[in-house]
Amino acid sequence: TRSSPAPCARSAASRPMVSLPGRRNRKVVAQRTPGELDAMAVAGALVARALQAVRDAAAPGVSTQQLDEVAEAVIRDGRGTPSFLGYHGYPASICSSVNDRVVHGIPSSDEILAFGDLVSIDCGAIVDGWHGDSAVTFGIGDLIPVDEALSAATRESMEAGIAAMVPGNRLTDVSHAIELGTRAAEQRHGRRFGIVEGYGGHGIGREMHMEPFLANEGAPGRGPVLAAGSVLAIEPMLTLGTVKTRVLDDEWTVVTTDGSRAAHWEHTVAATDDGPRILTLPD
């Protein structure tokens, strides 16, 4: 795991979970007003448009640098600013993680997509000071069934975490829901998936990465409380093999240690009295 902040998924090593001393001193995940949630949804919708444009542009022969240019153009045309570009020195507007890259892959003109590649794109945008953050995984051409299952399982795990974003739940209720979602996906798809160690979701608002760190597994009933208006970026990362990772010499790209493929899905989500509200959906 990284010792410095990363632009996309956060590392548990550098982002410790908020402690909870006791019931008399409960902490609450930072709350946003309804108007602030609407403002975050504007940024989130711009991220959704950028991700869709990237997905539409992704094809054999296209470089990940070209995908980065597509995303940045959409964000700037929407009067937003890329969240990732320049964040602690990160050099691009998206994270493009192909095949065994888990997160934080740097787009490059030398990285050319090919049939069968499994591509995860993470993207963030700032509009009027509010952040949106989301990620998708997709294939270039037809994927083999096991890669399709990996991406589907990761998305299903995210959706399980989203369903737990209700007032009164605790932070690790969301973590536990993601873990249970992964295990349920294993039953549906008939294979085991690795939950990547040390990386997970985070608080988000006027800053892209805020406390608390959201693990993608763990016991329920712990950590700060979710209240109406609490917002988290929920982002499971699963692999077809190991849960272990290493960081490449570029000091950003996180890869699986056994070369197995990985998938990454993310939405920014608010807990509301009417249920979970996904803030990174298209207009």
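The values are calculated or read from the model by the stated rules, or taken from the named source; none is laboratory data. A quick note: this is a predicted structure, and the numbers were derived from the prediction, not measured. Note: ideal-geometry Cβ built from the backbone for every residue, glycine included; neighbour counts use all protein chains shown. Ligands, DNA and RNA are stripped out before the accessible areas are found, and what is left, the full protein with its side chains, is counted by its heavy atoms. Shrake-Rupley method; radii C 1.70, N 1.55, O 1.52, S 1.80 Å.
In table form, for the structure just shown:
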quantity: Placed amide H near VAL102: partners under 5 Å, 5+ positions off or other chain; calculated: VAL254, VAL255, THR256
quantity: Estimated distance in nm for a label pair at ARG183 and ALA114, the labels positioned 7 Å out from Cα along Cα-to-Cβ; calculated: 3.9
quantity: Longest to shortest principal axis, alpha-carbon extents of the range 97-208, angstrom; calculated: 45, 41, 22
quantity: Radius 10 Å from Cβ of HIS131, net charge of other residues (Lys, Arg +1; Asp, Glu -1); calculated: -1
quantity: Principal axis dimensions, largest first and in whole angstrom, of the chain by Cα; calculated: 57, 44, 34
quantity: Viscosity 1.002 mPa s, temperature 20 °C, Stokes-Einstein D of the range 77-149 from Kirkwood C-alpha radius, µm²/s; calculated: 159
quantity: Probe 1.4 Å, accessible area per residue of the chain, Å²; calculated: 39
quantity: Two-site label geometry, THR33 and LEU281: point separation in nm, points 7 Å out along Cα→Cβ; calculated: 2.4
quantity: Net dipole in debye of the chain [+1 Lys, Arg Cβ; -1 Asp, Glu Cβ; about Cα centre; nearest 20]; calculated: 1200
quantity: Phi to ³J(HN,Hα) by Karplus 6.51 cos²θ - 1.76 cosθ + 1.60 over the range 139-151, Hz, x for Gly, Pro; calculated: x, 9, x, 7, 8, 5, x, 5, 6, 4, 5, 4, 5
quantity: √(5λ) per eigenvalue of the Cα gyration tensor, the range 233-283, largest first, Å; calculated: 31, 12, 9
quantity: Highest-first arrangement of 176-189, 197-210, 123-136, where packing means the average Cβ count within 10 Å; calculated: 123-136, 197-210, 176-189
quantity: Net charge, ALA30 excluded, C-beta distance under 13 Å - Lys, Arg +1, Asp, Glu -1; calculated: 0
quantity: Contour minus Cα-Cα distance for ARG206 and HIS88 (0.36 nm per residue); calculated: 40.8 nm
